[in-house]
Every structure is written in C-alpha cells, then in structure tokens.
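Heads up: the structure comes next, in structure tokens.
Rule-based calculations on the coordinates, nothing more; no lab input. These numbers were taken from a predicted model, which means no experiment stands behind them. For neighbour counting, all protein chains shown are included, and Cβ atoms are generated from backbone atoms with ideal geometry for every residue, glycine included.
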Amino acid sequence: QAQLVESGGGLAQAGGSLRLSCAASVRISGYTMAWFRQASGKERETVATISWSGATYFEDSVKGRFTISRDNTRNTVYLQMNSLKPEDTAVYYCAAKRLGDGKYGDWGQGTQVTVSS
C-alpha cells in the first residue's frame, strides 16, 4: 500500500499561484495519480489525473489554469495551480490507483488551500 504525503498548500490571493506536491512511498511508475478536492459542505471532486503513460484529465473549472505532472524518479506528483480563484478553496487530496484497479486505493491526508479575494 502506498503512503502519500501532500505538501505545498496554504493561503494565496486570487490570481496567485501555488504548487502542490505529493510524495509517494512506492514507485509510482505503474500508477495513475490524481488530485481531488473537497470544499466545506461539498462533495469531493476530481481535479486532475495523470496516467502511467502521461495522459491527463482536468475538471472543466480548472482547465487552462492547473497542470498536473509526475516525476517517476522522485515518486512525486505535482499540481501547479495558477490564476487561483476563491472557489478553488478546498482541502486537496492526492490519490493513487494501481494499473488494472478500478478505484483509487491510496490517499494522502490532504492539504488545505485557501484563496482570498
């Protein structure tokens, strides 16, 4: 089971940037990695995913503003967040899904991102 540790959250002003990192305890080369977020009082939603082959997906509201990348040599996944908006405020979670699995089985503890207007 992979242990995932997020970092890089914090407070940013609207229009600013933050970069989240997710360090894994296992080799991630065979995993699809993802970032989810959950705002207060709302359901968790997928923000971005990156497959083992590098294919990416972005939720509509973050397209053009967020990028996801992975460094398999460091077993780390990143979420670069630009042009932040107050509605991006949430706890952001990193998750991992093994090749062939149907769901994300490993999760980080989450990191808070707060965007002020």
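Things worth noting here:
- Matching residues in the stretch 57-73 - criterion: being surrounded by 13 or more Cβ atoms within 10 Å (Cβ to Cβ), of a type outside the set (Phe, Trp, Tyr) and part of a strand (DSSP E or B): Thr67, Ile68, Ser69, Arg70
Yes or no, residue by residue, for (1) in contact (Cβ under 8 Å) with a residue 60 or more places away in the chain; (2) of a type in the set (A, V, I, L, M); (3) touching a strand residue (DSSP E or B) at 6+ places or on another chain (Cβ under 6 Å):
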{"position": "Arg44", "(1), (2), (3)": "no, no, yes"}
{"position": "Met81", "(1), (2), (3)": "yes, yes, yes"}
{"position": "Tyr92", "(1), (2), (3)": "yes, no, yes"}
{"position": "Tyr104", "(1), (2), (3)": "yes, no, yes"}
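- In the condition set (1) of a type in the set (D, E, K, R); (2) in contact (Cβ under 8 Å) with a residue 40 or more places away in the chain; (3) farther than 18 Å from Arg27 by Cα, Arg74 is compliant with all but (3).
- Within the stretch 12-42, being over 18 Å from Arg98 (Cβ atoms), aliphatic (A, V, I, L, M) and assigned to a strand (DSSP E or B) holds for Ala12, Leu18, Leu20.
- Residues in the stretch 7-42 that are touching a Gly at 6+ places or on another chain (Cβ under 6 Å), without any contact (Cβ under 8 Å) to a residue 60 or more places away in the chain and basic (Lys, Arg): none.
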